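Heads up: the structure comes next, in structure tokens.
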Amino acid sequence: MKKILLMFSMLMIFMSCSIALADEQQIAMLQPSAASWYHNNVIFTKGQMTEIGENSVRVEGDGGYRDIVLNISATTHIVNAEDGKPVPFSSLQKGGEVVAYYGPGVSKSMPPQGNAFALVVGTPAKGGAGIYMKVGSVQKVDDDRIKVLSSNGDRLITVTNEVFPNLNAIREGSDLLVWYDIMTMSIPGQAGATKAVLLPATIKVHLGAGVIVANGKELVLGQDDRIITKGKIVLLPLRIIVENLGYNIVWQAEQKQIELKDGGDTVAVFKIGSNSYQKGQEVIGLAGAPELVNGKTLVPVEFFTDVLNMKVSVSNSPI
């Protein structure tokens, strides 16, 4: 009997080791590249907003920094902790509860200053608050499930199509708000999402340096991927931006028309020289029309904000 128990114990240990090894191999496959691993690091401070400036928020609490001033830009996500819906910056109040997420580029001043990725505002009446994460990598488990590894490598979240129907829209570099009940004590911690909200894609444009950053990734622009300013209208190269965000372009030469697709779905249709953009059944008129320059399609910034509902900041300050 003792021999049987000993053999059974050894078998259980072997199976446990095998499962752990399989989990480690699966996580290793999900690790993002070294460059994105550092670039997308996310730090947080959970506490209260003690000061609200014209374009900044001071947060005091617990986390990476106990006291920090965060710059708020057009690409900062400000959302409700309960449902992930957008919150206007103008509605923020001193003393309000917040979890502020920001990057590692923080000044050495007192208090330190940084740039906010997201502010998750308020405390839900029931259940936990949504947690912001930048997606480091995605693994498709099957047609109904994906595993999402945070860019920090500290969270591995399983998202099902019951929680988020359009799983293909979640890609490396995406910004997510996720809710879950229990997380394992493993490294990374693992959990199943009870709710998930995909936050808008972000585009940062530095006019002077000619730099475009899409979802935290600096794009390698070709010779004809130009940024052109015409008065108040800024035109950006379409293809390199949207393809890096997972969209596809269908060029219809005879009509000089472009169909922008997300997977199999058409999200926008427009013509060179026309300032009317079709989004589903809606026609949106913008101040700027698409232009064809040296074989490259340029579109106004408002195409990304008003038609694709992305968050765009354009400046001459460092990104």
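The values are calculated or read from the model by the stated rules, or taken from the named source; none is laboratory data. Model, not experiment: these values are computed from the prediction. With ideal geometry, Cβ positions are generated from the backbone for all residues, glycine too; neighbour counts draw on all protein chains shown. Ligands, DNA and RNA are excluded from the accessible area calculation, which covers all protein heavy atoms including side chains. Shrake-Rupley method; radii C 1.70, N 1.55, O 1.52, S 1.80 Å.
Hey, for a label at residue 142 modelled as a point 7 Å past Cα toward Cβ, could you say which residues of region 150-166 have their backbone N under 20 Å away?
Backbone N within reach: 157-166.
Who wins for biggest fluctuation among 174, 276, 151 in a Gaussian network model of the chain, springs between alpha carbons below 10 Å?
Evaluated over the chain, the most mobile residue of the options is 276.
What share of the DSSP beta bridges in the chain is antiparallel, in percent to the nearest 5?
Roughly 85 percent of the beta bridges in the chain run antiparallel, per DSSP.
Relative contact order for the chain using alpha-carbon pairs under 8 Å, separation at least 6, rounded to a whole percent?
The normalised contact order for the chain reaches 11 percent.
Longest segment of the chain with no GluC sites (Glu not before Pro) in a DSSP loop having at most 15 other Cβ atoms within 10 Å?
55-161
Need one number for region 163-319: average projected area of the convex hull over its C-alpha atoms, nm².
Value for region 163-319: 11.4 nm².
Skipping prolines and chain starts, which residues have an amide H placed within reach, meaning under 5 Å, of the one on residue 158, given they are 5 or more residues away or on another chain?
Here the answer is 148, 191, 192, 193, since their amide H atoms fall under 5 Å of that of residue 158.
As a check on your grasp of the helix formula, calculate [θ] at 222 nm for the chain: sum -39500 (n - 2.57) over DSSP H runs of n ≥ 4, divide by the residue count, round to the nearest 500.
-4000 deg cm²/dmol
So who's got an amide H within less than 5 Å of the one on residue 78, skipping anything under 5 residues away but keeping other chains? H placed 1.01 Å off N, in plane.
Under 5 Å from the amide H of residue 78: 87, 119.
Of the DSSP beta bridges with both residues in region 41-145, give the percent that are antiparallel, rounding to the nearest 5.
Looking only at bridges with both residues in region 41-145, the antiparallel portion is about 80 percent.
Please identify which residues in region 197-213 have an amide N closer than 11 Å to a label point set 7 Å out from the Cα of residue 316, following the Cα→Cβ vector.
207-209
Taking 22 Å as R0, compute the FRET efficiency from the Cβ-Cβ separation of residue 243 and residue 282 and round it to 0.05.
0.35
Which ³J(HN,Hα) values in Hz, rounded to whole numbers, follow from the phi angles of region 125-130 under the Karplus curve 6.51 cos²θ - 1.76 cosθ + 1.60, where θ = phi - 60° and Gly and Pro get x?
Per residue, the Karplus-derived 3J(HN,Hα) values read 5, 9, x, x, 7, x Hz.
Quick one: among 133, 183, 110, which has the greatest mean-square fluctuation in a GNM of the chain with alpha-carbon springs under 10 angstrom?
Of the options given, 110 has the highest mean-square fluctuation.
Could you give the angle, 0 to 90 degrees to the nearest 10, between helix 2-30's Cα long axis and the longest principal axis of the Cα atoms of the chain?
The two axes meet at around 10 degrees.
Compute a Gaussian network model of the chain, connecting alpha carbons closer than 10 Å, and tell me which residue from 126, 85, 256 fluctuates the most.
It is 126.
Round to a whole number: what % of the accessible area of the chain belongs to carbon and sulfur, probe 1.4 Å?
54
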